[in-house]
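What follows is a short report on a single structure.
The values are calculated or read from the model by the stated rules, or taken from the named source; none is laboratory data. Source: prediction; values computed, not measured. Cβ placement follows ideal geometry from the backbone for every residue including glycine, while neighbour counts extend to all protein chains displayed. Just so you know, the surface numbers come from the protein's heavy atoms only, side chains and all, with ligands and any DNA or RNA stripped out. Shrake-Rupley method; radii C 1.70, N 1.55, O 1.52, S 1.80 Å.
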Amino acid sequence: MLSFDNTEISFSGKSNKDLNRSYWLFKMVSNRTFVSIGKSLTTFAIQTHLPIKGLIKATIFKQFCGGETIEECDKAIKELAKFNIGTILDYSVEGKESEIDFDACSAETIATIAKAKNDKSIPFCVFKVTGMARFDLLEKVSSKIALSAPENLEFERIQNRVNAICKAANIAGVPVFIDAEESWIQEAIDELANQMMVLYNKEKAIVYNTYQLYRKDRLPYLKKSFEVAQQLNYFLGAKLVRGAYMEKERNRAIEKDYPSPIQETKENTDADYDSAVEFCTENISRIAICAGTHNENSSMKLADLMQKKSIPSDTKNIYFSQLLGMSDHISFNLANANFNVAKYVPYGPVNEVLPYLIRRAQENTSVKGQTGRELNLIMKEKARRNLK
Ligand SMILES: Cc1cc2nc3c(=O)[nH]c(=O)nc-3n(C[C@H](O)[C@H](O)[C@H](O)COP(=O)(O)OP(=O)(O)OC[C@H]3O[C@@H](n4cnc5c(N)ncnc54)[C@H](O)[C@@H]3O)c2cc1C
C-alpha cells in the first residue's frame, strides 16, 4: 500500500554523507536570521566577485540544482533514473530583459528538448514565457491595450520563440510544460499556450498549460479550456499547481484596489486543486495531467482516484512532479509504487540561479520555531540509520 511515511524508500538515493549534508543544510536554513543574513552576504559576495561560488555549489546548489549546464546534470538525471524517477530540465536563469537573452533562453530550452529526445529518463521539458519575453509587454497584451507597431513586432518575436520550442518538442515527441506566472501577465501566456495546443496537440498532448488553483477563476477556466479542446479536437495538456505568487498577488490587489484573484483560504485552494485533479481524471482519455505538488493529501488523493477508476498507475497521461531536493518522500514512494514521477531539475550558472536558491531557503525557514517537514523527515531517517 502506498505511504509517504517510509523514509528508507524516501532517502534511498542518499548515502549517509548526502543525508548528513542535507541535514546541516536544512538545519541552517531553518534559522530565519541565518537565511536573512546569508541572503545579503551572498548577494554582496557575488556582486563583488568574492570567491564563494565553490561554497554555494557544494552546499545549497548541490541540494536543489542539477548543475550549471545540461551536461553537468547528467549525474542527477542518472541518479534519479535508478529509482524510476524522470527529470525535467529547468533552465532557471531569471530576470533577463534583452532580446539577445530571450533568444538565448529559447535556444537553451530547445537544447533541453534535443537532450530529452535521446534520453527516456527525461519525459518532459519546461519553460517560462518571461524567459523569452519582456514582462511589461506581456502585461500590456494581457490587459488588451493596443500595441504600437514596434511592440507588435516584438510580440511576434515572442510568438516565434514559443512556437520554435513547441515545434521542436512536437518533432522530438517530447511534451513541454509552459509554467504559469503572475495573473496580470497570465492572459498573454494562456493565449500563447492555447495557440500551441491547437497546433501540436492533435494526436497527443505535446504542449501543457499550467493552471494555478489558488486563483478563484482557474477551476472554471480549466473546464472551459477542456470544452474548447473538445470542440477544436485536440488533447488538453494540464499541469496542475496551487500557485507560487500568492503574497505578490494579494499585495498588488490591495495596492491597485481591485478584488484579489486569490482564494480567501488555503482550504478553498486545496478544494479547487483536488476538484481539478478529479475533473481531469474523469476525462483522462482526452486530458494529460501533471500534478505539480508537494502536498501529501493531494498526491495521495490522485493515487487513490486512479486506483478507484482502475487507471493503471503507469498510464502515460498522469504524472506526479516535485522539485529536486524537496519532498523526496512523495517522489520516491510514488515511483516505488510504480506511479509516473518526474522531478524539476533546475540548472544554470551558480550566480544566475541564486534567486531560485534563496526562494528555496526561505521556503524552508522555521515557522514559529517548529521543525520543518524536510528536516523532520531527514532526522527520522538519520535515526533509522543510527547516524549521529
Ligand atoms: C513540479 C512543480 C511545478 C510547478 N510549477 C509552477 C508554475 O508553473 N507556476 C506556479 O505559480 N507555481 C508552480 N509551482 C509551485 C506551486 O504553485 C506551489 O507554490 C508549491 O508547489 C506549493 O504548493 P503545494 O501544492 O506543493 O502544496 P501546499 O504546500 O499544501 O500549498 C501551499 C500553496 O497553497 C496556496 N496557499 C497557501 N496559503 C493560502 C491561503 N491562505 N489562501 C489561499 N491559498 C493559499 C499557495 O498557492 C501556496 O503556494 C510548481 C511546483 C511544482 C512542484
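Among what's in the stretch 274-289 and is open to solvent by 10 Å² or more (accessible area, probe 1.4 Å) and hydroxyl-bearing (Ser, Thr, Tyr), pick the residue that is farthest from the ligand (Cβ to nearest atom).
Only one residue fits best here, namely Ser285.
Quick one: count up the residues across the stretch 329-355 that are open to solvent by 10 Å² or more (accessible area, probe 1.4 Å) and within 12 Å of the ligand (Cβ to nearest atom).
So the answer is 1.
So, Ala149, is that one at pLDDT 95 or above and open to solvent by less than 70 Å² (accessible area, probe 1.4 Å) or not? Full working, then the answer.
Numbers: at pLDDT 95 or above: yes; open to solvent by less than 70 Å² (accessible area, probe 1.4 Å): no.
Considered against the rule, which asks whether it is at pLDDT 95 or above and open to solvent by less than 70 Å² (accessible area, probe 1.4 Å), Ala149 comes out as no.
Would a scan of the stretch 184-191 turn up a residue that is closer than 17 Å to Ala291 by Cβ and of a type in the set (Phe, Trp, Tyr)? Before the answer, list the steps.
Residues of the stretch 184-191 that are closer than 17 Å to Ala291 by Cβ, as a first pass: none.
Within the stretch 184-191, not a single residue is closer than 17 Å to Ala291 by Cβ and of a type in the set (Phe, Trp, Tyr).
Tally up the residues in the stretch 92-102 that are over 26 Å from Met28 (Cα atoms), open to solvent by 60 Å² or more (accessible area, probe 1.4 Å) and out of contact with any Lys or Arg (no Cβ under 8 Å at 6 or more places or on another chain), please.
3
Suppose the filter is in a strand (DSSP E or B), hydroxyl-bearing (Ser, Thr, Tyr) and either within 23 Å of Asp304 (Cα to Cα) or more than 11 Å from the ligand (Cβ to nearest atom) (or both); does Tyr211 pass it? Before you say what the answer is, go through the steps one by one.
Details: in a strand (DSSP E or B): yes; hydroxyl-bearing (Ser, Thr, Tyr): yes; either within 23 Å of Asp304 (Cα to Cα) or more than 11 Å from the ligand (Cβ to nearest atom) (or both): yes.
In short, yes.
Between a residue in the stretch 90-103 that is among the β-branched types (Val, Ile, Thr) and any residue that is open to solvent by less than 70 Å² (accessible area, probe 1.4 Å) and modelled with pLDDT of 95 or more, which pairs come within a Cβ distance under 6 Å, given they are 6 or more apart or on different chains?
Every condition considered, the pairs that remain are Val93/Gly348.
What residue, among those in the stretch 290-320 that are touching a residue at least 60 places away in the same chain (Cβ under 8 Å) and open to solvent by less than 10 Å² (accessible area, probe 1.4 Å), is nearest to Met1 (Cα to Cα)?
Among those that are touching a residue at least 60 places away in the same chain (Cβ under 8 Å) and open to solvent by less than 10 Å² (accessible area, probe 1.4 Å), it is Ala303.
Report every pair of residues separated by at least 6 positions or lying on different chains whose Cβ atoms are under 7 Å apart, first residue within the stretch 27-38 and within 16 Å of Leu357 (Cβ to Cβ), second part of a helix (DSSP H, G or I) and among the small types (Gly, Ala, Ser).
Final answer for the pair search is Val29/Ala361; Val35/Ala361.
Out of contact with any His (no Cβ under 9 Å at 6 or more places or on another chain), among the aliphatic types (A, V, I, L, M), in a loop (DSSP other than H, G, I, E, B) and over 30 Å from Asp119 (Cβ atoms) - does that describe any residue in the stretch 184-200?
There is no residue in the stretch 184-200 that is out of contact with any His (no Cβ under 9 Å at 6 or more places or on another chain), among the aliphatic types (A, V, I, L, M), in a loop (DSSP other than H, G, I, E, B) and over 30 Å from Asp119 (Cβ atoms).
Given the criteria modelled with pLDDT of 95 or more, buried (at least 18 other Cβ atoms within 10 Å of the Cβ) and more than 7 Å from the ligand (Cβ to nearest atom), does Ala271 qualify?
Numbers: modelled with pLDDT of 95 or more: yes; buried (at least 18 other Cβ atoms within 10 Å of the Cβ): no; more than 7 Å from the ligand (Cβ to nearest atom): yes.
Considered against the rule, which asks whether it is modelled with pLDDT of 95 or more, buried (at least 18 other Cβ atoms within 10 Å of the Cβ) and more than 7 Å from the ligand (Cβ to nearest atom), Ala271 comes out as no.
Given the options Ile85, Ile113, name the one that is within 16 Å of the ligand (Cβ to nearest atom), under 26 Å from Ile206 (Cβ atoms) and in contact with a strand residue (DSSP E or B) (Cβ under 6 Å, 6 or more places away or on another chain). Even if it seems obvious, please write down each step before you answer.
Numbers: Ile113 fails: within 16 Å of the ligand (Cβ to nearest atom).
Unique residue meeting the criteria: Ile85.
Can you tell me which residue within the stretch 294-316, out of those that are touching a helix residue (DSSP H, G or I) at 6+ places or on another chain (Cβ under 6 Å) and either within 24 Å of Asp90 (Cα to Cα) or modelled with pLDDT under 95 (or both), is nearest to the ligand (Cβ to nearest atom)?
Ser298
Against the condition among the aliphatic types (A, V, I, L, M), at pLDDT 90 or above and touching a Leu at 6+ places or on another chain (Cβ under 7 Å), how does Val353 come out, does it pass?
Working: among the aliphatic types (A, V, I, L, M): yes; at pLDDT 90 or above: yes; touching a Leu at 6+ places or on another chain (Cβ under 7 Å): no.
In short, no.
Could you tell me which residue of the stretch 219-268 is nearest to the ligand (Cβ to nearest atom), considering only residues that are of a type in the set (Gly, Ala, Ser) and open to solvent by less than 40 Å² (accessible area, probe 1.4 Å)?
Filtering first and then ranking leaves Gly243.
At pLDDT below 95, of a type outside the set (Ser, Thr, Tyr) and open to solvent by less than 20 Å² (accessible area, probe 1.4 Å): is that true of Leu55 in this structure?
no
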